[in-house]
1. Considering only chain C, what is the antiparallel percent among its DSSP beta bridges, to the nearest 5?
2. Using the Kirkwood radius built from alpha carbon pairs, what does the Stokes-Einstein equation give as D for the range B:1-138 at 20 °C and 1.002 mPa s, in µm² per second?
3. Placing +1 on the Cβ of each Lys and Arg and -1 on the Cβ of each Asp and Glu in chain A, which of A:Gly201, A:Leu132, A:Leu291 has its Cα farthest towards the positive end of the resulting dipole?
4. Mean projection of the alpha-carbon convex hull of the protein assembly as shown over all orientations, in nm²?
5. Viscosity 1.306 mPa s, temperature 10 °C: Stokes-Einstein D of the range B:281-327 from its Kirkwood Cα radius, in µm² per second?
6. From Cα pairs below 8 angstrom and at least 6 apart in sequence, can you work out the relative contact order of the range A:2-222, rounded to a whole percent?
7. Any idea what the alpha-carbon Rg over 2.2 N^0.38 Å comes to for the range C:131-185?
8. Whole-Å semi-axes of the range B:73-170's equivalent ellipsoid, largest first, each the root of 5 times a Cα gyration tensor eigenvalue?
Amino acid sequence: MEFFLISLLNGISYGLLLFMLASGLTLIFSMMGVLNFAHASFYMVGAYLAYQIMTTMDAALPGVGFWIALVLAPVLVGVLGALVERYGLRRVHRWGHVPELLFTFGLTYIMVEMVQIIWGRSTVPYVVPEALDGSLFTLFSTRFPTYRGFMMAVAVLMLFAIWLLLTRTRFGMVIQAALTHPDAVEALGHNVPRVFMLTFGGGCALAGLAGVIGGNAYVTEPSMGMQLGTILFVVVVVGGMGSLAGAFYASLLIGILQTFAIGLDWSGIDLLAMLGLQVDRDTFGYSVWSLTLPQVALMLPYLLMVLMLIVRPRGLMGTREN
Amino acid sequence: MGSVEFRPIDLGMYMAWVVTIVLFLVMPLIFTSGFAISLLSQMGIMIVFALSYNVIFGQGGMLSFGHAVYSGLGAFFAIHALNWVGDGRLPLPVVLIPLVGGVFGAICGVVFGYVTTKKAGVPFAMITLGIGEMVHAAALMFPDFFGGEAGITTDRMVGTPFLGFTLGPAIQVYYLIVVWCVISMIAMYAFSQTPLGRISNAVRDNPERAEFIGYNTQRVRFFVLVVSAFFAGISGGLAAINFEIINAEQVSAIPSGAVLLATFIGGAMFFFGPVIGSVLFVLFAVALSEYTPAWQFYLGIFFVLMVMYAPGGVASILLLNLRVAKEGLFKALRMPYLRLVAGSVVLLAGVVMLVEMAYGLTLSLSIGTMVKLFGIEFDAARPTPWIIVVLLLGVGGWIFARVRRDFMRAWDSVNQEIEARAKQAGAGGAR
Amino acid sequence: MNALELVGVHKNFGKTEIIRGVDLAIPAGERHAIIGPNGAGKSTVFNLISGRFPLTSGSIRLHGQELSGRRPFEINRMGLSRSFQITNIFPRLSVFENVRCATLYSLGYRYSFWRRLSRLKDARDLAEDIVERIGLRARHDTQAGLLTYAEQRALEIGVTLATGANVILLDEPTAGMSTSESERMVELIRRVTEGKTLVMVEHDMSVVFGLADRISVLVYGQVIATDGPERIRGNAAVQEAYLGTTLTES
């Protein structure tokens, strides 16, 4: 029971982090038709910037660094995203979606290398601030870290803020309209290039925020974006491209699935034993049966994606596909 | 000829084939060092891989981020087959091992292609990424087949020597690669001239219309993928012979990204584009990497600039210039080109210096901050080199901006002239 | 048996009813035009027939065989081919290649990759013939994306024809053309659809009256009249539907 609850909470917090990233990606995709391959790289930049701000600020004003970083880093990442859109992506926009995707793909290489130029190739010690270090509560005998709770709180707040933005402001209305009818929005005279720039910057800022809170919970190193990036795309495919709700459910699903898989040390052998079948080294397919769930955990999101593609190609709640 | 035909494939197509084959045969006689042979061999392998990629990308319009699955899995099957030959369990001449890679590449194409071709366009791209990562993750789970972290090794000097060639010396391996490369090139070119090949072009241009002329586009893409996977598998088999070791990295995102970069940089719109791109890519990845740790950065920048300014790749740049030359208008571009090159060199020097010194500062903190560039040593910790960088960037940037403007003006006017001539010819001529 | 039959066809997009019960029976060999004010749903009808959109309810039959629920390529293989209002060709292929591609499936070459295209004489001859008939001989090897608008419209028709279908749907073939270009297009259409069943959506009344054996008038997703040209011209309901615009053409 304890394991179940703790894993569930951990899974939800990981899933919410995934959703922070997936929501920015989906917004950009729905608005502009661009799949931002470099999205996870902006996540990485957010983490590194937060680390830098925190370290620099803490030297002068101890304890304050993280909170400044929490606000400043996403803004900086957003500005970076807006500049990338204005001077790079916009140029490629007229050639279609594949060149846009290729542009963001190349951007990934460059961003990873630039981070390495500035901060080096090894992990940087981006740590949880003291104020948030410790346990929030103790469930049975396991401590639930305060920071996890903080992460979930930030994610939920961010969700709420997006929801408010989309449904209560004029800008949000424009975005909502553009989610389904981008051409009509353009025809109505909105400054579409500026909206694009703001959307791209905004999506990247969300990724940067995810980086600020995720970078110290997990590890901050140059390859942090790579794996997360692929899982991100799986989330979007499973949830259905262009659907925020789908991305939400898919993020949670995958977050919880992976967390449980890592924690349950079951293997095929155990399953067969339950059916009364004995398996040893000579049995055919032993290498498959002997795999444990934690070993397979890495692969689970992709298996889910393959399953989804065969059973329900448009994803959980797929709408726009372009 | 009544109309302008931008059919660069015709422009000395036969010449291109002959020149290429001659170059393949002759290169190791010019560059004889061991390093050069190794470089050329890797280029040959990459050429087959990149051409196979272009079958789905440039010709089929399918952007894949996971093509290394087919070349890598083909390589694994090939290396195991090679080990079986060595054990005496498989009476196959070593020179035919790449075919094993090809066949299994195609089988994997059938298995994975069935799932991936259910979608097209951007969703397809993402699915290939996911499948690629899945196979890579799986590779570390089955050490019997994939050899775990270390991979699988082999010895290529096994079995009966074919026509007396033992494949011991690297030069023999090179020529084996050349033979397979040429065979594959001809085969892939022939494929592009078949009904399936041409329909895949149609599906690329307009998938919806292709359905309305009676074709199940999903099936077309599936078949094309299998063909492409076959040739990717051949490149994997060649890699198994060449390196005598294959590990999980061969199915990872790294070679998948590499082949995309190479194909695009070379030019996906032309059959020979990936050939050029492969040569360039191997130069970056294997040669340049000897001189600087920043080679991936340079490659990334090069790629992004290509996407932004020359999406047809190096091949398109070459062919556009050839067209200008054919029209006899190249003289108008000579001076602007020279100035452009001069400006670029200055700017490039500044950029390279900046990047190298920055790398020097952060990476070699234990070794010291000396950076060797163009034969001169700079201490990245002192201010003087940085001042030089700023000067180079500033002056270079200013010059470059101006000469680029002049060049674009000259280029545009030359091309307008060409188009005007074509229109006249088109309007006047009638068959 | 009628070549094409629509019975009780309904189409909703979400909650909006676009096609609200269309019945149409077109005998083989007839040239039939569908006209109507903007937004009446004419292109939607085409999209329903050719399988681009699924029907909400009703049935569409081609030579007695049910079309609804089939994919576009299946419908094409059954003998129906359509052109598009917004030119929908293969821009990077030449004019000749565009047409030849359209011939391949019906000639049985399907997905073959062991035959050389240049050796396929029947595909080549058929494509050459069509290129000649649509008047694009001079642009034989030009990339389709580089053609003028009118040339692309002609190519559009050529590609539609090359599939060998005997029921041809043309969606606003003369859209955006000048009078002389339209006249040439009408001539072309008359020539190339000899002996085939033609269904045409058009706005240009001179084209309609020059070509059609019968005309159906579609208003707000329903057919309000189907008749010969002269009777349609004089039909009061039709005139009213066009909001006072009379249908008299010189």
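Values in this text are rule-based calculations from the coordinates and carry no lab data. Computed from a predicted model, the values in this text were never measured in an experiment. Here Cβ is always computed from backbone atoms with ideal geometry, including for glycine, and neighbour counts include all displayed protein chains.
1. Numbers: 21 of 37 bridges.
Counting only bridges with both partners in chain C, antiparallel ones make up about 55 percent.
2. Using the Kirkwood radius from Cα pairs, D works out to 120 µm²/s.
3. The one lying farthest along the dipole's positive direction is A:Gly201.
4. On the way: hull surface 192.7 nm².
Averaged projected area of the protein assembly as shown's Cα convex hull equals 48.2 nm².
5. Numbers: Rh = 12.0 Å.
The estimated diffusion coefficient comes to 132 µm²/s.
6. It rounds to 43 percent for the range A:2-222.
7. 1.12
8. So the equivalent ellipsoid measures 32, 16, 11 Å along its semi-axes.
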